[in-house]
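Visitor: Mind having a look at this structure? Questions to follow.
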Ligand code: AMP
């Protein structure tokens, strides 16, 4: 019995020693491969994690910054519109008078005897052209329109369509008129914004 037990014990030790799960029996090359492989993988994962967390916080910072600058830009526009509105009906010349007289340069897209169309200095779309009457005639804003302005108002709309054609956006474009401080009008000389060249969203801001 003692002999059988001792023989069984010996064979079990031999089996375990030969088993591939015995780390001592793994060939040296395997152990070397694992130790040299595990270290960089761990470092790589740590690096990746560090990179991801720093990217996430960087992205979060960018989003917050963009949101804050959007809010501040909106406030700037509203403040500028309110300031411009105080001068609205003074009859003082505006920047557009200087553009009409060519005192200051502009990029003219279309012109006839009654209207001038030029590119907006701060474009909100790939195509952003302003169409204005050469003679203001009290039309500081659309809210001041009177029956005598019907002709020029029709002319401005038709000129907007010509501009859209010239700019290659006649299949889809938008014409906007901001009237008054609540609509963020900043120049008190009636003007139509012709916008296009990208998918426009609705509702507008
Ligand atoms: P609004 O805010 O509707 O009164 O639009 C006035 C527009 O005039 C804005 O979109 C401005 O970017 C534009 N604008 C102001 N000054 C100039 C300029 N010198 N040349 C071209 N566009 C201008």
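Visitor: What full-extension length gain, to one decimal in nm, is calculated for residue 90 and residue 183 as 0.36 nm per residue of separation minus the Cα-Cα distance?
Guide: Taking 0.36 nm per residue and subtracting the Cα distance, the gain is 31.5 nm.
Visitor: Between residue 158 and residue 75, what is 0.36 nm times their sequence separation minus the Cα-Cα distance? Round to one decimal in nm.
Guide: Result for the pair: 26.5 nm of gain on full extension.
Visitor: Determine one quarter of the surface area of the Cα convex hull of region 95-196, which equals its mean projected area, and express it in nm² to one decimal.
Guide: So the mean shadow area of the Cα hull is 6.2 nm².
Visitor: Testing the spin-label approximation: label points 7 Å from Cα along Cα→Cβ at residue 146 and residue 176. State their distance in nm.
Guide: Output for this residue pair reads 3.0 nm.
Visitor: Still on this structure: Can you give me the relative contact order of region 123-205 as a percent, contacts being Cα pairs under 8 Å and 6 or more apart? Walk me through the numbers before you get to the answer.
Guide: Numbers: 100 pairs, mean separation 40.3, N = 83.
Relative contact order, region 123-205: 49 percent.
Visitor: What distance in nm lies between label points placed 7 Å from Cα along the C-beta direction at residue 101 and residue 122?
Guide: Going from the residue 101 label point to the residue 122 one covers 2.4 nm.
Visitor: Something else: Just want the ordering: 186, 107, 160, from fewest to most Cβ atoms lying within 10 Å of their own Cβ.
Guide: 107, 186, 160
Only the coordinates and a few stated rules stand behind these numbers; no lab work does. Values in this document were obtained by computation on a predicted structure and should not be read as measured data. Counting neighbours? That spans all protein chains shown, and the Cβs are built from the backbone with ideal geometry, glycine included.
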